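Undergrad: Before I ask anything, let me first share the structure, which is written out below as structure tokens.
Read-outs throughout are calculated quantities, based only on the coordinates presented, and are distinct from any laboratory measurement. Since we're looking at a predicted model, the values are computed, not measured. Don't worry about glycine lacking a Cβ; one is built from the backbone with ideal geometry, like all the others, and counts go over all protein chains shown.
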Amino acid sequence: MKHYHKYRKVDIGNDKTYYVYRCMLPDCKHYISEKLIVSRTSLCWLCDLPFVVTKGKIHKPICELCHNKKFGKTEDQKVEEILKAIGVIK
Ligand SMILES: [Zn+2]
Ligand SMILES: [Zn+2]
């Protein structure tokens, strides 16, 4: 069975903050730089299905379906507009 990483953003820095995305599954020590999360496959934190991460800045990646279910499409677009306006995402 293929292992899909279940990424979570964690701070592994000592003196200063250093975020990475770590796989939270037992026995997996894989982690990647915060900048590399986009276009990686992760398990969704809500439905546990693999999906391709389309944006960073998220502590626990969730798939688009769950995101839309949770926040609603229009809400999502509103949030995205705000994030774009303040330069958080491009
Ligand atoms: Zn893993
Ligand atoms: Zn999901």
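Undergrad: Does Y19 meet the test of being within 15 Å of ligand 2 (Cβ to nearest atom), over 11 Å from the mean Cα position of the chain (by Cα) and among the hydroxyl-bearing types (S, T, Y)?
TA: So Y19 fails the test.
Undergrad: Turning to a different aspect of this structure: If you scan segment 1-16, which residues turn out to be assigned to a loop (DSSP other than H, G, I, E, B) and either within 13 Å of ligand 2 (Cβ to nearest atom) or of a type outside the set (A, V, I, L, M) (or both)?
TA: Within segment 1-16, K2, H3, Y4, H5, K6, G13, N14, D15, K16 meet the criteria.
Undergrad: Please find, within segment 12-31, the residue that is nearest to K60 (Cα to Cα) out of those that are away from ligand 1 (no atom under 14 Å from the Cβ) and surrounded by 12 or more Cβ atoms within 10 Å (Cβ to Cβ).
TA: Y19
Undergrad: Still on this model: Pull up segment 32-89, narrow it to residues that are among the small types (G, A, S) and not in a loop (DSSP other than H, G, I, E, B), then point me to the one that is surrounded by the most Cβ atoms within 10 Å (Cβ to Cβ).
TA: S42
Undergrad: Moving to a separate point now. What are the pairs with Cβ atoms under 6 angstrom where one residue, in segment 28-39, is basic (K, R) and the other, located anywhere, is assigned to a loop (DSSP other than H, G, I, E, B) and within 9 Å of ligand 1 (Cβ to nearest atom)? Sequence gap at least six, or different chains.
TA: Qualifying pairs under 6 Å: none.
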